[in-house]
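As structure tokens, the structure follows; a few thoughts come after it.
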Amino acid sequence: MHDDLLRDEVLTIVDRMVNELLAAARITAPPVDVIALAQAHLGMIVCMDKRQLQRGRAQRAAGTRQIYLRPEPTEERHQWTVAHEIGEHLKPELLQRLGIQPHEAKAMAGESLANLFAYRLLVPTCWFVDDAPSLEFDLLALKQRYRTSSHEVLAWRMLDLPQPCIITIIDNEAIHRRRSNAWPTKRALTPVEKKCQRYVHVHGKPKSWAADSWTVQGWPVHTPEWKREILRSVMED
């Protein structure tokens, strides 16, 4: 990647291509069903393949791009896989707009281009930038509106918004991911975050907790086999 290619420039071009794709497919509001978009608008074939080990596999046959999905426990995983493959499909055009030769391409802005595209196709910036604050960053309310996206993708997209926060994803009492768009962050929960996470973990209910100049929102994403909690932490002025 060219050293002078700034993260904001990469994201602006990715967002622009997402907006163009949505407009061409006449998708005017969430949720974005990327499987339907791939099939109806891009002419791709999406099918299940129980034999494959990886989450998704793409190949071209008779001039048509085919995406093979393995069975998954949630529809959101299929949506993510197809969104990623659409990103791979459009990668040459993305690189051309970025002024990058294919042999020079590598992970940009801390993510692969296909990943960046998938995040923004499932949760387009043009809608999310207004929806998130209008719904008070309530992850469960946002999930109802962007139902083809996973909770994790939605939470991580909050880091792309101008409002400063820390997003933490805890799986079975262990921190899986933790990042801030504003402050240096240690891979450890603060006391108020621990209290909020513990309540959500035990009771399986959303919780908002304020103390020590911090407000923490917590949400459960629980299944019988797995307990995940997602926290959004904000420092009060």
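The values are calculated or read from the model by the stated rules, or taken from the named source; none is laboratory data. Worth saying up front: this structure is predicted, and the values here are computed from it rather than measured. Ideal geometry is used to build each Cβ from the backbone, glycine not excepted, and the neighbour counts take in all protein chains shown. The accessibility values were calculated without ligands, DNA or RNA, using every heavy atom of the protein model including side chains. Shrake-Rupley method; radii C 1.70, N 1.55, O 1.52, S 1.80 Å.
Say whether the condition of being out of contact with any Leu (no Cβ under 9 Å at 6 or more places or on another chain) and part of a helix (DSSP H, G or I) is met by at least one residue in the range 177-193.
Scanning the range 177-193 turns up at least one residue that is out of contact with any Leu (no Cβ under 9 Å at 6 or more places or on another chain) and part of a helix (DSSP H, G or I).
Just the residues that are charged (D, E, K, R), over 18 Å from V123 (Cα atoms) and open to solvent by 40 Å² or more (accessible area, probe 1.4 Å), please, taken from the range 15-50. Break it down into steps so the answer makes sense when it comes.
Taking the range 15-50 as the starting set, the residues that turn out to be charged (D, E, K, R) are 15-16, 20, 26, 33, 49-50.
Narrowing further to those that are over 18 Å from V123 (Cα atoms): 49-50.
Listed by number, the list holds a single entry, K50.
Consider only pairs whose beta carbons are under 7 Å apart and that are at least six residues apart or on different chains; among these, list those whose first residue lies in the range 191-205 and is basic (K, R) and whose second residue is modelled with pLDDT of 95 or more and not in a helix (DSSP H, G or I).
K195/W209; K205/P220
May I ask you to verify whether A174 is more than 22 Å from N115 (Cβ to Cβ), aliphatic (A, V, I, L, M) and touching a residue at least 12 places away in the same chain (Cβ under 8 Å)?
Working: more than 22 Å from N115 (Cβ to Cβ): yes; aliphatic (A, V, I, L, M): yes; touching a residue at least 12 places away in the same chain (Cβ under 8 Å): no.
The answer is no for A174.
I'm trying to understand the selection: among the residues of the range 154-173, which are open to solvent by less than 50 Å² (accessible area, probe 1.4 Å) and outside any helix (DSSP H, G or I)?
Initially, the range 154-173 is screened for residues open to solvent by less than 50 Å² (accessible area, probe 1.4 Å), giving 154-159, 161, 165-171.
Correct list: L161, C165, I166, I167, T168, I169, I170, D171.
It is to be established whether one or more residues within the range 209-222 are surrounded by 13 or more Cβ atoms within 10 Å (Cβ to Cβ), part of a helix (DSSP H, G or I), touching a Leu at 6+ places or on another chain (Cβ under 8 Å) and among the hydrophobic types (A, V, I, L, M, F, W, C).
No, there is no match, as no residue in the range 209-222 is surrounded by 13 or more Cβ atoms within 10 Å (Cβ to Cβ), part of a helix (DSSP H, G or I), touching a Leu at 6+ places or on another chain (Cβ under 8 Å) and among the hydrophobic types (A, V, I, L, M, F, W, C).
Counting only residues that are part of a strand (DSSP E or B) and of a type in the set (S, T, Y), which one in the range 52-80 is modelled with the lowest pLDDT?
The first filter runs over the range 52-80 and keeps only residues part of a strand (DSSP E or B), leaving 56-61, 64-69.
Retained after the next criterion (residues that are of a type in the set (S, T, Y)): 64, 68.
Numbers: T64: 69, Y68: 72.
Result: T64.
Checking the condition open to solvent by less than 80 Å² (accessible area, probe 1.4 Å), farther than 25 Å from Q144 by Cα, in contact with a strand residue (DSSP E or B) (Cβ under 8 Å, 6 or more places away or on another chain) and modelled with pLDDT under 95, which residue from T190, T185 passes?
On the way: T190 fails: modelled with pLDDT under 95.
The unique qualifying residue is T185.
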